Amino acid sequence: MLVALTGIGLSAAAGLNAYIPFLVVALLARFTDLVTLPSGLAWMESWWAIGVGAVLLLADVVLDKVPAVDTVNDAVQTFIRPATGGIVFAATSAAEELEASSWVQDNPWLPILAGVVVAGIVHAGKAAARPVVNAGTGGLGAPVVSTLEDGAAVGLSLIAVFLPLLVLLVLALAVWGLVVLRRRWRARRPPRTRQDGPLPGI
């Protein structure tokens, strides 16, 4: 169960920013004993992988805060974020030894698939919401929302590794917050009139 929660948390973080959970896992594996990477993913803790990840993170952090450019960046990240989600989910499979479970060994494709799905869902929500935020704030909301997303990716990655039992609570609160914000945004929209075009169902 802890393996799944850790993987879900890291994958969800990858849906917001692919490089933050990647670097969290890579650095912990490189400098601590908290994360032990499977042999097939040992390259993650190499200096070249960490260096490339850091450069890409810097680029993503900058581009994601520029209105319109952030939408293009989201399009480019459509494949990168889910793929990274699959990688970081699979990278935590070494933790199955701590739980005396063999489900990862018996089904090695499951962590990758689960990570791709979770990260893909989060990325889709992020990509769909950003144009709405930009349009509603004249572009001023892009850097604010992007900073919040980066902070959420860092926090969720650390929680996934150190306090995996809190992952479900954090994700539940995030979904609740999105629902509340969506309802408030809809409530603030002016009602449609006949001058705006035909009303639905008329």
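The values are calculated or read from the model by the stated rules, or taken from the named source; none is laboratory data. None of the values given here were measured: they were computed from a predicted structure. FYI the Cβ positions are ideal-geometry reconstructions off the backbone, even for glycines, and counts take in every protein chain you see. The accessibility values were calculated without ligands, DNA or RNA, using every heavy atom of the protein model including side chains. Shrake-Rupley method; radii C 1.70, N 1.55, O 1.52, S 1.80 Å.
The listed residues are Val76, Val88, and the only one of them that is of a type outside the set (S, T, N, Q) and either modelled with pLDDT of 95 or more or open to solvent by 50 Å² or more (accessible area, probe 1.4 Å) (or both) turns out to be Val76. Residue pairs whose Cβ atoms lie under 7 Å apart, separated by 6 or more positions or on different chains, with the first residue in segment 113-141 and on the phi > 0 side of the Ramachandran plot and the second at pLDDT 90 or above and not in a helix (DSSP H, G or I), are Gly139/Pro67. Pairs are defined by a Cβ separation below 6 Å, a sequence spacing of at least 6 or placement on different chains, a first member in segment 46-72 that is open to solvent by 50 Å² or more (accessible area, probe 1.4 Å), and a second member that is among the β-branched types (Val, Ile, Thr) and in a helix (DSSP H, G or I); the pairs so defined are Leu63/Val69. Within segment 24-34, being open to solvent by 20 Å² or more (accessible area, probe 1.4 Å) and touching a Ser or Thr at 6+ places or on another chain (Cβ under 9 Å) holds for Val24, Arg30. Taken over segment 139-167, the criterion of being aliphatic (A, V, I, L, M), surrounded by fewer than 13 Cβ atoms within 10 Å (Cβ to Cβ) and not in a loop (DSSP other than H, G, I, E, B) is satisfied by Val144, Leu148, Leu165.
Scanning segment 23-76 for residues that are more than 30 Å from Leu2 (Cβ to Cβ) and small (Gly, Ala, Ser) yields Gly51, Ala59, Ala68, Ala75.
When each of Leu37, Leu5 is tested for being more than 26 Å from Ala124 (Cβ to Cβ), in contact with a helix residue (DSSP H, G or I) (Cβ under 7 Å, 6 or more places away or on another chain) and at pLDDT below 95, the lone residue that passes is Leu37. Close Cβ contacts (under 9 Å, 6 or more residues apart or on different chains) running from residues in segment 5-25 that are without any contact (Cβ under 8 Å) to a residue 60 or more places away in the chain to residues that are in a helix (DSSP H, G or I) and crowded, with 24+ Cβ neighbours inside 10 Å comprise Leu23/Ser157.
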